1. Given the criterion surrounded by fewer than 16 Cβ atoms within 10 Å (Cβ to Cβ) and either at positive phi or part of a strand (DSSP E or B) (or both), identify the matching residue among ASN132, ASN147.
2. Looking at the range 122-134, I want the residues that are within 15 Å of THR81 (Cα to Cα) and have a partner that is surrounded by 16 or more Cβ atoms within 10 Å (Cβ to Cβ) and among the polar types (S, T, N, Q) with Cβ atoms under 9 Å, at least 6 apart or on another chain. Which pairs are those?
3. Determine which member of the set THR175, THR103, THR164 is more than 16 Å from the chain's Cα centre (by Cα), surrounded by fewer than 14 Cβ atoms within 10 Å (Cβ to Cβ) and not basic (Lys, Arg).
4. Looking at (1) out of contact with any Gly (no Cβ under 9 Å at 6 or more places or on another chain); (2) among the small types (Gly, Ala, Ser); (3) over 19 Å from GLU160 (Cβ atoms), can you tell me which one SER203 breaks?
5. Mind counting the residues in the range 178-201 that are among the β-branched types (Val, Ile, Thr) and either surrounded by fewer than 17 Cβ atoms within 10 Å (Cβ to Cβ) or more than 21 Å from SER228 (Cβ to Cβ) (or both)?
6. Here are some conditions: (1) over 20 Å from LEU144 (Cα atoms); (2) in contact with a Gly (Cβ under 7 Å, 6 or more places away or on another chain). TYR51 meets all but one. Which one does it not meet?
7. Go through the range 105-129 and count every residue that is touching a Lys or Arg at 6+ places or on another chain (Cβ under 7 Å) and not in a strand (DSSP E or B).
Amino acid sequence: MRCVGRVRAFCVTAAALLCGGSPTAADPLNDVLLPSASNLSGGAYPEKFLYFSGFDLWRSGGSFYGGIQWAPGGLNQDGFTLKVLLAQGSYRYLAGSTNIRGTSLLGAVLPGWRIKRGDFEIKVFAGPDFQNHRLSPDDPGNSLRGNHVGLRIGADLWWEPTATMMLASSISGSTIGNSFGVRGAAGWRVMDRFWAGPEIETSGDEVYRQYRIGAHLTSFKMAAFEWSIGAGYVQDNSHRSGVYGRIGLLTRR
């Protein structure tokens, strides 16, 4: 099987996360850049539930995801937290001279732990990863076809070294297809309403790699909702390049 382009919305890229294993264009687990509950002025959140959703697109595919994060002690408190993710994505590749279109479904249940020390916060997660891949036309040589169960691990970091600057990163990987996704971002506070700055990301699996560089806007609040937007340049090891775009939405309860 020779890969020509895949949208890793799953195999990583949780893929969707989440791409990878199941090739994806971006890892939904990584695309969910969840800010610290106290990162904006007036932001003490006693809520225990965080609901998130979004999509990621580029010319060779995309992913759509949604999920929930639950912290029984409160989103702004140290301790146990649970992340549940559902995602759908598509990808394509060449098997010989045949163009194959794949669709993926991903579900992950990720117990974890939150630790916050001053302006530094880290969340680590690990749990079962469930994936289904359908191919059209069918490709018996693709080991990802059908249903799979694996282990997914991930971590989210958030640090505010100054009152007007943040650094964030996320990493996710799955034993299904040995997929992975790594993302980093820096941001500066704008009008005390949101963060804006550059972002970089790489993701892939046993045969596929994708690289991104762009800019993001994070934690733009409107009523009870927070928006995030990202866009930039993407290139992969199948000699495909172009523009990517990402929009995310979250709310706390």
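The values are calculated or read from the model by the stated rules, or taken from the named source; none is laboratory data. Owing to the predicted nature of the structure, the values given are computational and were not obtained by experimental measurement. So basically every Cβ, Gly included, is an ideal-geometry build from the backbone, and we count neighbours across all protein chains shown.
1. Details: ASN132 fails: surrounded by fewer than 16 Cβ atoms within 10 Å (Cβ to Cβ).
So the residue among ASN132, ASN147 that is surrounded by fewer than 16 Cβ atoms within 10 Å (Cβ to Cβ) and either at positive phi or part of a strand (DSSP E or B) (or both) is ASN147.
2. Close Cβ pairs (under 9 Å, with a partner that is surrounded by 16 or more Cβ atoms within 10 Å (Cβ to Cβ) and among the polar types (S, T, N, Q)) amount to LYS123/GLN69; LYS123/THR81; PHE125/THR81; PHE125/SER172.
3. On the way: THR175 fails: surrounded by fewer than 14 Cβ atoms within 10 Å (Cβ to Cβ); THR103 fails: surrounded by fewer than 14 Cβ atoms within 10 Å (Cβ to Cβ).
After applying the criteria, what remains is THR164.
4. Only one criterion in (1) out of contact with any Gly (no Cβ under 9 Å at 6 or more places or on another chain); (2) among the small types (Gly, Ala, Ser); (3) over 19 Å from GLU160 (Cβ atoms) is unmet by SER203, namely (1).
5. Residues of the range 178-201 that are among the β-branched types (Val, Ile, Thr), as a first pass: 182, 190, 200.
So of that shortlist, the ones also either surrounded by fewer than 17 Cβ atoms within 10 Å (Cβ to Cβ) or more than 21 Å from SER228 (Cβ to Cβ) (or both) come out as 190, 200.
Number satisfying all stated conditions: 2.
6. (2)
7. Qualifying residue count for the region: 0.
So that you can scan it fast, the table gives a plain yes or no per residue for (1) at pLDDT 90 or above; (2) over 26 Å from ARG145 (Cα atoms):
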position: TRP70; (1), (2): yes, yes
position: ILE100; (1), (2): no, no
position: SER104; (1), (2): yes, no
position: LYS116; (1), (2): yes, yes
